[in-house]
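S.K.: Please find one structure pasted underneath; my questions will follow.
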Amino acid sequence: VHMTKSMAKIIAMNNSVRFWQKHPRRNLWQHPLWQKFQESIGRKAWVASFGDAYALVIRHSLPFGLSWLEVPRGPLYDGSESLDGILSEIEKLGEKEKAIFIRLSPFDRSLPFQNPNPLKMIISLKRA
């Protein structure tokens, strides 16, 4: 069966919604509708996944072809292994998109890398 791009997008969105619905820390900012809204205002947005982890990643453009990435109220994950994996996937995306930093605002206040102000959490990318 030949699948068009629009069919593939619908299937991917349905899978994202199913994951989101069952996750105990689900929130609007990690919902596929938030991704569609971000795309409707001209931003690139992706869903990164690794095992039982999921993260909506939004690209914010900067001058000179640079950007910064945001993971609003995420990532959503189950266990430290999936957290490590999803953070690695987000970092790879940041390198690909020439992000100078990645801002996480995790919903879960028990994360091991949490600072006193989770809304200001930043992971700096290492430049080679």
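S.K.: Using per-residue counts of other Cβ atoms within 10 Å, averaged over each peptide, order 37-46, 76-85 from highest down.
M.R.: Numbers: 37-46: 13.0, 76-85: 17.1.
Going by the mean number of other Cβ atoms within 10 Å, highest first, we get 76-85, 37-46.
S.K.: Excluding GLY42 itself, what net charge comes from residues whose Cβ is under 14 Å from its Cβ, given Lys and Arg +1 and Asp and Glu -1? Mind dumping the intermediate values first?
M.R.: On the way: positive: LYS36, ARG43, LYS44, ARG59; negative: GLU39.
Local net charge: +3.
Throughout, read-outs are computed from the coordinates displayed, never taken from laboratory work. Please read these numbers as outputs of a predicted model, since none were measured by experiment. Here Cβ is always computed from backbone atoms with ideal geometry, including for glycine, and neighbour counts include all displayed protein chains.
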